[in-house]
Structures are given as C-alpha cells and as structure tokens.
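Inspection log for the structure reproduced underneath, given as structure tokens.
What follows is calculated from the coordinates using simple rules that are stated; it is not laboratory data. In this text the structure is predicted, and so the values were computed from the model without any measurement. No Cβ is skipped: glycine too gets one built from the backbone with ideal geometry, and neighbour counts run over all protein chains shown.
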C-alpha cells in the first residue's frame, strides 16, 4: 500500500549502540512511534516498521536493522514496497558538521561523507530525499571518526540532545503536515 511519507531513523542495531551519537536518528523515530501509538516490529525489509497517521496522512515509520553503512538496503526495499518517491522519504540522521544538539532540515543535497546516506542514495538512485540532521559534533581528527560516532554523549551534551530529539520529531511532523519549506523556516532559524 502506498504511503504518503516514509520516515527512516538511522542507527546501528543492538543494545551496544543504543544512545550513541550514530543512533540519534533511530531515537527520533522511536519518539514518533511513542507519540503516535505505533509498535515498531520486524519486517521482511530488514527494518523495524509500523504505520501511523500524522496530520491525516499515512506515514511509515522505520528503523533499519542493517549496519549504518548498509541502510540503503532497507530504505530501498521499503520505498519500493510503499511506493514512496525520494521526495517523500524523510531520513533522520547524525551530522558531524553540526555542533551537538543543533538541528537542521534539508531537502536533497550532498552526503557530507555519511556512509548511511551514501548507501541510501545508491539504493534509491537519487539524493532527493529529505533530511532531518542532528548535530553530534566533529571528532578531534578524521582517524577518530568511527570512534566518535559510536561513542555516547557527555551528560551535559545528552541533556541538550534529548531536547533536540523531541524537536526533530516535531520537525518530521511539520514536514508531513506543512511541507519541508515550512519545517526549514521553523527549525533552521533556531540557534
């Protein structure tokens, strides 16, 4: 059945990666699931999935259960199953180029070296999907990139990030209800 939107929260599967910098996208989809009474369940598309209604629209919430670098396997399968074009796919993900807890909404564009986004672009054959980007800060050097994204936030950062995750869920709801331009105007203006 066709979905109005497919909302995907990126992360790595398993308890060892819960609440790490790389898993902020998955956390946002879990927040949306709670808000809208969804129960994310395993699907044959290698993701935890459920359908909800947001602003009267049919929205599929999904958290891929592949490794981050293979996110496109699940996203491509879900997009085909739910007949969702890239412009109606919202990917929520961590962003090294933003300071911790900074939120930005973006339509299309580059990948900023994010392997999960690269995989999604390869499987969708398009970079036109929408992004809700959550800052996790830069590692001290490029060699420390993997360690950085797989680490947890400091207590102070985590408090700020928890607020941002709720705002990111608000941003997804705004995209669904009012469009990506409205979401960019509302959320990208924040400090």
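In table form, for the structure just shown:
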quantity	calculated
Förster radius 30 Å - calculated FRET efficiency between residue 19 and residue 138 (Cβ-Cβ, nearest 0.05)	0.95
Relative contact order (%) - criterion: Cα under 8 Å, at least six apart; region: the chain	26
Nitroxide proxy distance, nm - points 7 Å out along Cα→Cβ at residue 42 and residue 107	3.9
Interatomic Cα distance distribution for segment 62-171, bins of 10 angstrom, percent	14, 44, 34, 8, 0
Spatial separation of Cα centroids for segment 24-40 and segment 103-153, in angstrom	20
Inter-label distance for residue 99 and residue 189, nm, one decimal - labels placed 7 Å from Cα along Cα-to-Cβ	2.0
Fluctuation leader among 15, 95, 87 - the chain, Gaussian network, Cα springs under 10 angstrom	15
Potential lengthening between residue 126 and residue 67 on full extension [0.36 nm per residue; Cα-Cα distance subtracted]	19.2 nm
Within segment 51-85: backbone nitrogen closer than 11 Å to the residue 2 label point (7 Å, Cα to C-beta)	83-85
GNM flexibility winner over the chain from 115, 23, 12 (Cα, springs under 10 Å)	115
Considering only the chain, percent of DSSP beta bridges that pair antiparallel, nearest 5	55
Highest-fluctuation residue, 56, 72, 25 considered, GNM on the chain with Cα pairs under 10 Å	56
Residue 35-residue 51 pseudo-label distance in nm [points 7 Å out on the Cα-to-Cβ vector]	2.1
From the coordinates shown, semi-axes √(5λ) of the Cα gyration tensor in Å corresponds to which of [x] 23, 18, 16; [y] 36, 18, 17; [z] 48, 20, 16	[x]
